[in-house]
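Worksheet: the structure to be examined is printed underneath.
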Amino acid sequence: MDTRQPLIAGNWKMYKTGPEAVETAKRLRDLASDVKTTDIMIAPTFTAIAQVADILKGSSIATGAQNLYWEKEGAYTGEISPSMLISAGCSYVIIGHSERRQFFGETDEKTQKKVDAAVKEGLKPILCVGESLEERESDKTFSVLDKQIEIGLKDLFSENLNNLVIAYEPIWAIGTGKTASKDQAQDVHRHLRSGIEKNFGKDFSKGIRILYGGSVKPDNISELMAMPDIDGALVGGASLDAETFSKIVHF
Ligand code: PGA
């Protein structure tokens, strides 16, 4: 029996000022205080991380970031290093989200450097992969994902990747209200797990958590979580409201 503790992660994207983020985090902390067997994480904007982490200290909800830069420090105006995130209270970091790939020039090579830096500094990376609608319709889903994983994890070794999480987020399902069906998602998750097995071995592939993301809502989370290779969710829009996100973490 595989024992992967589910992880439900909220990506707040570029929403909520500091005070707004604090209010939602407080509410969520109270609403989710009974959740013991599912890991929960929220990733506010950089400017709200320290305040949110402070509110969540002592609760079972972790704080994450939505991006990082791989250097330790230096003349890199506008960037934030792994150790800065850790000192602000982060334990997770989302890497390679499709919005970063689409709008900010994030490549597979950059995601690899970010994953590497995150694990070396002790952050848990959530590496996002996903195909566009055009790629799905032209039957390229698996080859696109294989490349994202192959380059994104190139030269990394399972001993250092114990805390790695993968998030499968079909781009056509993000913020569109279109969810991959549970069977479509399960097919991809199974494929990803077997690819990871080939590269990193069976034990590693059995332990790694693969999240689904893309229009996850209270009314579709249970059927997704019932699939054998879906270990959690990366939630955008529906994580912004504490009541709605609480329903998801109570799936
Ligand atoms: P969504 O976003 O839940 O709003 O579709 C998911 C994500 O971008 O991580």
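The values are calculated or read from the model by the stated rules, or taken from the named source; none is laboratory data. As the structure is a prediction and not an experimental result, all values here were calculated from the model. Here the Cβ positions follow ideal geometry from the backbone for every residue, glycine too, while neighbour counts run over all protein chains shown. Surface accessibility is based on the protein's heavy atoms, side chains included, excluding ligands, DNA and RNA. Shrake-Rupley method; radii C 1.70, N 1.55, O 1.52, S 1.80 Å.
Annotations
- Heavy-atom accessible area, probed at 1.4 angstrom with all protein chains present, ranks Lys16, Lys154 as Lys154, Lys16, highest first.
- Filtered chymotrypsin sites (Phe, Trp or Tyr not before Pro), region 113-212: DSSP coil and at most 12 other beta carbons within 10 Å: Phe157
- In a fully extended conformation the segment linking Thr3 and Glu150 would gain 50.4 nm over its present Cα-Cα distance, using 0.36 nm per residue.
- The candidates Thr111, Thr47, Thr77, arranged from most to least accessible area with a 1.4 Å probe in the full protein assembly, appear as Thr77, Thr47, Thr111.
- For Lys154, the aspartates and glutamates whose Cα falls under 14 Å of its own Cα, not counting residues fewer than eight places away in the same chain, are Asp108, Glu109, Asp116, Asp146.
- Note on Ala50 and Lys72: the model spin-label points, each 7 Å out from Cα along the C-beta direction, lie 2.2 nm apart.
- Members of Lys13/Lys178; Lys114/Lys140; Lys113/Lys182; Lys16/Lys140; Lys13/Lys36; Lys36/Lys198 lying beyond 29 Å, as alpha-carbon distances in this model show: Lys113/Lys182; Lys16/Lys140; Lys36/Lys198
- Debye intensity ratio I(q)/I(0), log10, region 7-249, q values 0.08, 0.09, 0.11, 0.12 Å⁻¹ (C-alpha model): -0.27, -0.34, -0.52, -0.63
- The mean sequence separation of alpha-carbon pairs under 8 Å and at least six residues apart, normalised by the residue count of region 7-249, gives a relative contact order of 21 percent.
- Simple rule: put +1 on each Lys or Arg Cβ and -1 on each Asp or Glu Cβ in the chain, find the dipole, and look at Ser83, Phe142, Ser33; the Cα lying farthest toward the positive end is Ser33.
- Heavy-atom accessible area ranking, 1.4 Å probe, most first, across Asp229, Asp241, Asp34: Asp34, Asp241, Asp229
- Surface accessible to a 1.4 Å probe, per residue, for the residues of region 7-249, Å²: 46
- Length gained when the stretch Lys36-Ser138 is fully extended (0.36 nm per residue, less Cα-Cα span): 32.5 nm
- For q = 0.16, 0.19, 0.23 Å⁻¹, Debye-computed log10 I/I(0) when each Cα of region 106-222 counts as one equal scatterer: -0.75, -1.04, -1.39
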